[in-house]
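*Asks:* First, the structure itself, so that you have it in front of you.
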Amino acid sequence: MTPDRLRAALAGAPGPDWLDTALRHVAAEPDTVARYFPAAARRCGRHDLPDAPGWSADEAARALLLVALPADRAAGQVEQVYRYGDAAEKRAVLKALPLLPIDDAGVPLLHDAIRTNDTRLVAAALGPYARHLAADAWRQAVLKCVFIGVPLAVVADLDDRADGELATMLAALAAERHAAGRQLPADATALLDRLTIREA
């Protein structure tokens, strides 16, 4: 997803004048993002965007507000709006991270989201920006998805990053569940099968 695609997907959404004004103000006065960020849902709506699959109008508007921040202020402001945001605002921050010039400064936010049991936050944390997660933290995050029922389809670069160590972890979990008369979810079983064949 790109900022241009998000902006195009918002065409016809409520509050275009509000968003234009907000973007200008945030670019000129970065601290104002704290005021505009929470208001995005009320001004732009919460409906899903057909032209931006997986994004809602408020998420897209919030991502654009973060993109409008001056590069030298982005990391600090992003951390602030995440820390003080509700679950929907945190999700928007996580989804916006790949669009921002912050290198790996957003990794602590991923760790925070992954520690929760909020399936939507965990899913958002494992999007494209999760490439910045260290391998061990990423494997644990994938395992967390299996535990709390987040579909593995949301994990960016899953097949590229999955390795023998993740296969070992999944196999141990499968054995644990089998002993308890339970099974791994179908997507985790399929991943384990793929890894077993690949590592053989």
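The values are calculated or read from the model by the stated rules, or taken from the named source; none is laboratory data. Keep in mind the model is a prediction, meaning the values are calculated, not measured. Neighbour counts run over all protein chains shown; Cβ positions are idealised from the backbone, glycine included. Note: areas computed on protein heavy atoms with side chains; ligands, DNA, RNA excluded. Shrake-Rupley method; radii C 1.70, N 1.55, O 1.52, S 1.80 Å.
*Asks:* Given the conditions (1) in contact with a helix residue (DSSP H, G or I) (Cβ under 6 Å, 6 or more places away or on another chain); (2) outside any helix (DSSP H, G or I); (3) open to solvent by 20 Å² or more (accessible area, probe 1.4 Å), report the number of the one that ALA52 does not fulfil.
*Replies:* The one condition ALA52 does not meet is (3).
*Asks:* Which residues, taken from region 84-111, are surrounded by fewer than 16 Cβ atoms within 10 Å (Cβ to Cβ), part of a helix (DSSP H, G or I) and under 15 Å from the mean Cα position of the chain (by Cα)?
*Replies:* Our first condition is that a residue be surrounded by fewer than 16 Cβ atoms within 10 Å (Cβ to Cβ); within region 84-111, this holds for 84, 86-87, 101, 103-104, 108, 111.
From what's left, part of a helix (DSSP H, G or I): 84, 87, 108, 111.
Scanning region 84-111 gives ALA87, PRO108, HIS111.
*Asks:* Say whether the condition of being over 19 Å from LEU133 (Cα atoms) and among the polar types (S, T, N, Q) is met by at least one residue in region 96-116. Spell out how you get there, then give the answer.
*Replies:* From region 96-116, those over 19 Å from LEU133 (Cα atoms) are none; that's our starting set.
There is no residue in region 96-116 that is over 19 Å from LEU133 (Cα atoms) and among the polar types (S, T, N, Q).
*Asks:* One residue is enough: does region 118-141 have a residue meeting the conditions part of a loop (DSSP other than H, G, I, E, B), open to solvent by 10 Å² or more (accessible area, probe 1.4 Å), over 25 Å from ALA13 (Cβ atoms) and touching a Pro at 6+ places or on another chain (Cβ under 8 Å)? Lay out the reasoning, then the answer.
*Replies:* Initial filter on region 118-141 (part of a loop (DSSP other than H, G, I, E, B)): 118, 126-127, 133-134.
Going one step further and asking which of them are open to solvent by 10 Å² or more (accessible area, probe 1.4 Å), we end up with 118, 127, 134.
Okay, now just the ones that are also over 25 Å from ALA13 (Cβ atoms), so 118, 134.
Narrowing the set further to residues that are touching a Pro at 6+ places or on another chain (Cβ under 8 Å) leaves none.
No, region 118-141 has no match at all.
*Asks:* State the number of residues belonging to region 142-156 that are more than 13 Å from the chain's Cα centre (by Cα) and part of a loop (DSSP other than H, G, I, E, B).
*Replies:* 2
*Asks:* Something else about it: Report the residue count in region 127-153 for those that are farther than 20 Å from GLY164 by Cβ and in contact with a Cys (Cβ under 9 Å, 6 or more places away or on another chain).
*Replies:* The initial filter retains those residues of region 127-153 that are farther than 20 Å from GLY164 by Cβ, namely 127-129, 132, 147-151, 153.
Now drop any that are not in contact with a Cys (Cβ under 9 Å, 6 or more places away or on another chain), which leaves 151.
Counting residues in region 127-153 that are farther than 20 Å from GLY164 by Cβ and in contact with a Cys (Cβ under 9 Å, 6 or more places away or on another chain) gives 1.
*Asks:* Take the conditions surrounded by 22 or more Cβ atoms within 10 Å (Cβ to Cβ) and over 15 Å from VAL26 (Cβ atoms) and apply them to GLU79. Does it pass?
*Replies:* Details: surrounded by 22 or more Cβ atoms within 10 Å (Cβ to Cβ): no; over 15 Å from VAL26 (Cβ atoms): yes.
Judged against the criteria, GLU79 is not a match.
*Asks:* In the list PRO128, PRO151, PRO108, PRO101, which residue meets the criterion of being under 26 Å from ARG177 (Cβ atoms) and touching a residue at least 12 places away in the same chain (Cβ under 8 Å)? Steps first, please.
*Replies:* Numbers: PRO128 fails: under 26 Å from ARG177 (Cβ atoms); PRO108 fails: under 26 Å from ARG177 (Cβ atoms); PRO101 fails: under 26 Å from ARG177 (Cβ atoms).
Result: PRO151 is the single residue among PRO128, PRO151, PRO108, PRO101 that is under 26 Å from ARG177 (Cβ atoms) and touching a residue at least 12 places away in the same chain (Cβ under 8 Å).
*Asks:* Only one of ARG62, ARG73 is buried (at least 19 other Cβ atoms within 10 Å of the Cβ) and out of contact with any Leu (no Cβ under 7 Å at 6 or more places or on another chain). Can you tell me which?
*Replies:* Working: ARG73 fails: buried (at least 19 other Cβ atoms within 10 Å of the Cβ).
Just one listed residue meets the conditions, ARG62.
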